[in-house]
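Down below is the structure, laid out as structure tokens.
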Amino acid sequence: MTPVRLHVTEAESAVLAALWARGPLSFASLIEEVKSGQPWADATIKTLLHRLIQKGAVKSVKDDGRQRYHAVIDRQTYVEGEVQDLLDRLFDGKPDRLVALLADRLDL
């Protein structure tokens, strides 16, 4: 499967991580979960959530009269895309170059 190419900032990934860990979540629960690991204001988390919705990484679904937020992609798919971006950017898209670097660093 081709990895999903979705540019997510480090801060946005904290919101996704909360949804992967405990989602789907209401806005209040999402705020609480993100704040357990980050010292951010509610407005900052709301902005990050809005950006993720615009990018198509998160969706909002009305459930029992409450909005709940869901990650659209799973963590594995996201990680595969990030690794492919790393390979493309630093290793000309060639995994063996990354493996060689890691092997050298680990003295394999």
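The values are calculated or read from the model by the stated rules, or taken from the named source; none is laboratory data. On a predicted model such as this, the values are computed, not experimentally measured, just so you know. Side chains are part of the model used for accessible areas, which takes the heavy atoms of the whole protein and leaves out ligands, DNA and RNA. Shrake-Rupley method; radii C 1.70, N 1.55, O 1.52, S 1.80 Å.
Summary table
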quantity	calculated
Under-26-angstrom lysine pairs by C-alpha in the chain, whenever the two are 8 or more apart or on separate chains	7
Gyration tensor (Cα) of the chain, equivalent ellipsoid semi-axes in angstrom	32, 15, 12
Nearest-10 value in Å² for the accessible area of T44, using the 1.4 Å probe	60
Debye log10 I(q)/I(0) at q = 0.13, 0.14, 0.16, 0.24 Å⁻¹ for the range 15-66, Cα point scatterers	-0.28, -0.32, -0.42, -0.95
